[in-house]
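The values are calculated or read from the model by the stated rules, or taken from the named source; none is laboratory data. This one's a predicted model, so the numbers in the text were calculated from it and none came from an experiment. Cβ atoms come from the backbone with ideal geometry, glycine included; neighbour counts cover every protein chain shown. Surface areas here come from the heavy atoms of the whole protein model, side chains and all, with no ligands, DNA or RNA. Shrake-Rupley method; radii C 1.70, N 1.55, O 1.52, S 1.80 Å.
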Amino acid sequence: MQSLKKKLEQQQIAIYFLSVFIAMIVVFCINGTSVFAIAITPALGVMLFVTFLQVPIGDITKFLLYKRFIVALVIANFVVIPLFVGILSIFIPNEPLIKLGILFVLLAPCIDYVVTFAHIGHADARSLLMATPLLLLLQLFLLPFYLNIFIGEQVKGLIEPTPFIHAFVWLILLPLTIAVIIQICASRSQIMTKTVNLLNILPVPTTALALFIVIIAILPQLKGNLSQVISVIPFYLLFAIFAPFIGWFVGRFFRVSITESRAIAFSAGTRNALVILPIAMAIADIMPILPAVIVTQTLVELFSELVYIYLIAKLGRSSK
């Protein structure tokens, strides 16, 4: 089981691209796939459940002892990166939905496949995994605050608390609660332990499935909006280039270990597009531009991760 999990993690980028490619073929061959939008939140809920299931609940108290890493990770993602995104937003076209889409995704740190990317890139993936519930909780609470600062009156009427509350319940509270209950049961039952071991091979497949569903649901809506989608790519590329180095230098500033600094670099450079998408889709009158802008970041990011797992792994080697 562990060998299968390792193989899936090693081939995850290829699996994700294959999922996207198959989804594009399905969209080309079948009409009406946009109805699959209703499956996005359930697919993400399952994906986050198997992600949370990997977090060893019994070790949470030990993780809280890594105060310096936690502070550095939070400062990088919720102070320094927002400042960088704020500067970047000055140059974003003054079209509210495009600007909102870019800010939505760039202000939210990834909490799923970033863990396995960090593992491949010789970063402290375990500490990053332990931090996933905290990162998701903080971004849901802080996103409205940052969006109000960077956009203000332009889209103030669009941002309501309801989508964020819905996301908190279905994407944090429910998956995390079920994961905790199953882990408690696994500590008392050999059958449940075997069940957890089986479920632990699912993070990559469930992420691939979520990607597939997102693409077949959103891609048909791009007709007539392709130029607007293409216009956001340069901003995502700039973010992909500079964000990991921002995370790395924050880690070094707080004097965390080399592997922890790499983990912060991965976290700073990898965003939470898939999880943010259903929140954005709950906003009135945003189809199809806003979801398309958000999904485009994921496609750019997958290419970026190919570079990250090679370059970030080299950061700090001379310091050993």
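Residues that are within 23 Å of Lys5 (Cβ to Cβ): which helices (runs of 4 or more DSSP H) entirely in region 171-265 hold 3 or more of them? Lay out the reasoning, then the answer.
Numbers: elements: 174-186, 190-199, 203-218, 226-253.
Answer list for region 171-265: 174-186, 190-199, 203-218.
Output the residues belonging to region 77-97 that are surrounded by 21 or more Cβ atoms within 10 Å (Cβ to Cβ) and touching a Ser or Thr at 6+ places or on another chain (Cβ under 7 Å). Hit for region 77-97 is Asn77, nothing else. Within region 202-230, being of a type in the set (Ser, Thr, Tyr) and either surrounded by fewer than 23 Cβ atoms within 10 Å (Cβ to Cβ) or closer than 16 Å to Pro291 by Cβ (or both) holds for Thr206, Ser227. Among the numbered conditions (1) open to solvent by 30 Å² or more (accessible area, probe 1.4 Å); (2) among the β-branched types (Val, Ile, Thr); (3) within 21 Å of Phe69 (Cα to Cα), the only one that Ile233 does not meet is (3).
Checking each residue in region 101-142 for being of a type in the set (Asp, Glu) and open to solvent by less than 20 Å² (accessible area, probe 1.4 Å) picks out only Asp112.
Of the numbered criteria (1) closer than 26 Å to Pro82 by Cβ; (2) free of Cβ contacts under 8 Å to residues at least 40 places away in the same chain, the one Phe239 fails is (2).
Restricting Ile40, Ile60 to those that are under 25 Å from Asn200 (Cα atoms) and modelled with pLDDT of 90 or more reduces the list to Ile40.
Within region 300-320, can you find the residues that are at pLDDT 90 or above and open to solvent by less than 60 Å² (accessible area, probe 1.4 Å)?
As a first pass, look at region 300-320 and keep what is at pLDDT 90 or above: 300-315.
Matches in region 300-320: Val300, Glu301, Leu302, Ser304, Glu305, Tyr308, Ile309, Ile312, Ala313, Leu315.
Give, as residue ranges, the helices (runs of 4 or more DSSP H) completely inside region 33-81 that count at least 3 residues that are among the aliphatic types (A, V, I, L, M) and within 22 Å of Leu171 (Cβ to Cβ).
Numbers: elements: 40-53, 60-63, 67-75.
Qualifying helices (runs of 4 or more DSSP H): 40-53, 67-75.
Does region 84-98 hold any residues that are more than 19 Å from the chain's Cα centre (by Cα) and not β-branched (Val, Ile, Thr), and which are they? Within region 84-98, Gly86, Leu88, Ser89, Phe91, Pro93, Asn94, Glu95, Pro96, Leu97 qualify.
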